[in-house]
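Enquirer: Have a look at this one.
We did not get these values from a lab; they are worked out from the coordinates using the rules stated. Source: prediction; values computed, not measured. Note that each Cβ is placed from the backbone with ideal geometry, even for glycine, and that neighbours are counted across all protein chains shown.
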Amino acid sequence: IQAKAERDKYVETLSGVTNTRFGFGMLAWRDRLYVVGGCSSQDAGNGDCLAGIQAGIDYGTIAQDGEVSTTSSSVAFDTGSCTAGNNYTNCDIANDLGIGRLFTSSVVANGFIYLIGGCTNNACSTISDGVMYTGIDADGNLARLTACPAGTFDINGWCDVSAGIPPTAGASVVVFDD
């Protein structure tokens, strides 16, 4: 990004995400951009999340010129594409108290989206020590795994590792050579 006009153009490409959020994760994988979790409304006095923590994932295709396509959103378990007949694709983040969805660390590695820790309530007074992940198919859709590995739990298409990591919120994650 070189000139101010170029920076402004880049910011405008992200405007396709229809629900304003704070405390979310943003991931890029191949030609897709994913916005994960967060909260859509904040108390100006104490900073708490007012409107409930987002379970949805918005995603769009990044074109060669840097524009992001119209975004799509994941859906609740057992609705639309997140049903058995549709192989549980594009499911919301599992409704599980073991993982936060606000200030959650998120990373894409080896074709999986991982969510690590995060706040589990609107005030961010409880922080998770869990890890959850789901697959990404060849088209960039969230894809339920055939089975979660031994020692993990399948919760609405997401594998819950319940790793017992130190409680973590808002941490950065970097992956090399993926």
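Enquirer: Per residue of segment 121-130, in order, report the coupling 6.51 cos²θ - 1.76 cosθ + 1.60 (Karplus, θ = phi - 60°) as ³J(HN,Hα) in whole Hz, putting x for Gly and Pro.
Expert: After applying 6.51 cos²θ - 1.76 cosθ + 1.60, I find 9, 4, 8, 6, 8, 10, 10, 6, 10, x Hz.
Enquirer: How long is the gain from A28 to V174 if the chain were fully straight, where each residue apart is worth 0.36 nm and the alpha carbon distance is subtracted? Please report the intermediate quantities before stating the final value.
Expert: On the way: separation 146, 0.36 × 146 = 52.56 nm, distance 1.22 nm.
This chain segment gains 51.3 nm when fully extended.
Enquirer: Kindly write out, for segment 36-53 in residue order, the coupling ³J(HN,Hα) from the Karplus curve 6.51 cos²θ - 1.76 cosθ + 1.60 (θ = phi - 60°), rounded to whole Hz, with x marking Gly and Pro.
Expert: With coefficients 6.51, -1.76 and 1.60, one gets 10, x, x, 9, 9, 8, 10, 6, 5, x, 10, x, 5, 6, 8, 9, x, 7 Hz.
Enquirer: Here's another thing I want to ask about it. Shape call for segment 42-155 from the C-alpha gyration tensor, a ≥ b ≥ c root eigenvalues: rounded (a/c under 1.5), prolate (a/b greater than b/c) or oblate? Mind showing how you got there, number by number?
Expert: Numbers: a/c = 1.76, a/b = 1.25, b/c = 1.41.
In terms of gyration-tensor shape, oblate.
Enquirer: Beta carbons within 10 angstrom, averaged per residue: use that to sort the peptides 142-148, 111-117, highest first.
Expert: Values: 142-148: 16.9, 111-117: 20.9.
Final packing ranking: 111-117, 142-148.
Enquirer: Once you have the alpha carbon radius of gyration of segment 20-108, what is it after dividing by 2.2 N^0.38 Å, with N set to its residue count?
Expert: On the way: Rg = 14.3 Å, N = 89, 2.2 N^0.38 = 12.1 Å.
So segment 20-108 has a normalised radius of gyration of 1.18.
Enquirer: Calculate one ³J(HN,Hα) per residue across segment 61-68 by plugging θ = phi - 60° into the Karplus curve 6.51 cos²θ - 1.76 cosθ + 1.60, and present them in order as whole Hz with x for glycine and proline.
Expert: 8, 8, 7, 4, 7, x, 5, 9
Enquirer: Sticking with this structure for a sec: What residues of segment 32-65 lie in the reach of a label at A76, counting those whose backbone N is under 16 Å from a point 7 Å from the Cα along Cα→Cβ?
Expert: Taking a point 7 Å out along Cα→Cβ of A76, the residues of segment 32-65 whose backbone N falls under 16 Å are 52-57.
Enquirer: Right, something else. For A109, enumerate residues with amide H under 5 Å from its amide H, sequence gap 5+ or separate chain, H modeled in the peptide plane.
Expert: Under 5 Å from the amide H of A109: Y114.
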